[in-house]
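The structure under discussion appears below in the form of structure tokens.
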Amino acid sequence: MCQAGEAVQVTVKSGICSQEWKVQYSSMSKCVLKGSTASLSGIYKHPDHLTVTKTIWTVNPVKDKKNINLLNYPDYRGRVQTFQSDQTSFLRLSNVSREDEGMYCLRILTNVERQKYLGFPGIELNVTELRVEIPEEVVEEHSPVLVCSTTCDLSEKTYLWYKNGRPLSEPLDRNELLLQSVSSDDTGNYSCAVRHLEHLSSPAVTLSVRYPPKSVSVSVSRSVIVEGDSVTLSCSSDSNPPALNFSWFKEDQTSAVGSGQSFSISSFNSSSSGRFYCEAQNKYGSQRSASVSLSVKAEESVWSSVTVIVGISAAAVMTVILMLVVWLLIRRKRVTPSEQNPRGNPQVATVESPEDAYMTLDPKSRCAEYDTLDNMKRSCDTDDPEDQDAIYYNMDK
């Protein structure tokens, strides 16, 4: 009989074991992804005078010990399937985990109690996971290489890459991804997978591209500066890592006038006027902003106030004049003929407006004066001449 551990060679030597016992595995090691399905197989031969009654798969067999069938292991229940085809035995192990790592061997049982065979050593099963490796520091315009690494050598050699969950490239026959001349746009979360097992992709790893300050700008706390105001200038930039060093300059001076992300002038006056700019810096470089012009606006502000006041006064005067004209028109409409020419004062003359003389065609609505040949004059005191008595004056008296 061939004991476990004795059949190290493919063919057992004469005198110890029958030369006709043989197990040949599909491979002596297998690397699979965690969560995937491992497929193992072995082809066996046996002495012609024996009949194979059963083949079983076991894990990590121990010499001179009874090795349990995987189908009876509680940890493998529901995850193991075995198949037999002629003299080939297959094992399928689904949803593999790190705990499944070990040596898997095929054991052959025959119709003779003591004639059994263990194919040892068996297949060494290794379980791995995908992991993205990136350089410790990626600087703008460099060309870093990203690696989809494993702890063992997978049989599948086609890799897929993703950025922020979206496919980044066509399938590659290597586990490396070269990013040419990166910029801030290449910052993102990168992951990888192998073909046919895309659902078992690696955890995403963040690639952060480092670059010097750019888009440096200055903002001013006031849009209009009056003499004596407190003015604060703020410097902002886009950089990775964020800029920590800020310097302030005035164009007519050779050295910096301040530092820090903000620069304040407590009491602004004409001598403070000028063009200011800031410079932002991090470990990868620096950039200066465009300059901004600051000047006192006191005189302009005063004239603006005067203009507003004058405008308001003019509007008020026009309103008063318009109201006066309306009042006079209403008053004129209400004046009666007797008020225009009192009887006790014949010397007061009444001036007729063209509208009173010509615009109305109804003679009953007019009051007219007539001179006769005998120097007699008639006057109307009411709107209807027919309803009034004529009054005559003797010019001789």
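The values are calculated or read from the model by the stated rules, or taken from the named source; none is laboratory data. From a predicted model like this one, the values you see are computed outputs, not experimental measurements. Note: ideal-geometry Cβ built from the backbone for every residue, glycine included; neighbour counts use all protein chains shown. The accessibility values were calculated without ligands, DNA or RNA, using every heavy atom of the protein model including side chains. Shrake-Rupley method; radii C 1.70, N 1.55, O 1.52, S 1.80 Å.
Computed about the Cα centre, the dipole magnitude for the range 99-229 is approximately 420 debye when only Lys and Arg (+1) and Asp and Glu (-1) carry charge, each at its Cβ. What the phi angles of the range 118-125 give under the Karplus curve with 6.51, -1.76 and 1.60, with θ = phi - 60°, is a coupling list of 10, x, 10, x, x, 8, 8, 9 Hz, glycine and proline written as x. Among rounded, prolate and oblate, which fits the range 146-230 when a ≥ b ≥ c are the square roots of the eigenvalues of its C-alpha gyration tensor, a/c under 1.5 means rounded, and a/b larger than b/c means prolate? Prolate is the answer for the range 146-230, as a/c is 1.5 or above and a/b outweighs b/c. In this structure the range 89-176 gives 53 Å² per residue of accessible area when probed at 1.4 Å with all protein chains present. Net length available on complete extension from Ser262 to Ser217 is 15.0 nm, with 0.36 nm assigned per residue and the Cα-Cα distance removed. For the range 40-95, a simple Cβ point-charge model (Lys and Arg +1, Asp and Glu -1, everything else neutral) yields a dipole of about 200 debye relative to the Cα centre. A full extension of the chain between Ser85 and Thr51 corresponds to an added length of 10.7 nm, given 0.36 nm per residue minus the alpha carbon distance. Note: the range 146-289, Cα convex hull, 145 Å³ per residue.
Packing here is the average count of other Cβ atoms within 10 Å per residue, and on that basis the peptides 68-81, 207-220, 319-332, highest first, run 207-220, 68-81, 319-332. Scanning residues 5 or more positions from Val112 or on other chains, those with amide H under 5 Å from its amide H are Thr51, with H placed 1.01 Å from N in the peptide plane.
Any chance you could run the full-extension gain for Glu124 through Trp327? It's 0.36 nm times the residue separation minus the Cα-Cα distance, nm to one decimal.
Details: separation 203, 0.36 × 203 = 73.08 nm, distance 11.35 nm.
Computed gain between Glu124 and Trp327 is 61.7 nm.
The mean of 1/r over all distinct Cα pairs in the range 30-189, once inverted, gives the Kirkwood hydrodynamic radius of 19.0 Å.
Site pair Thr319 and Glu99 shows an inter-label distance of 8.9 nm when each label is modelled 7 Å from Cα along Cα→Cβ. Which pairs break 31 Å Cα to Cα here: Lys54/Lys157; Lys116/Lys157; Lys45/Lys157; Lys30/Lys66? Cα-Cα > 31 Å for Lys54/Lys157; Lys116/Lys157; Lys45/Lys157; rest within.
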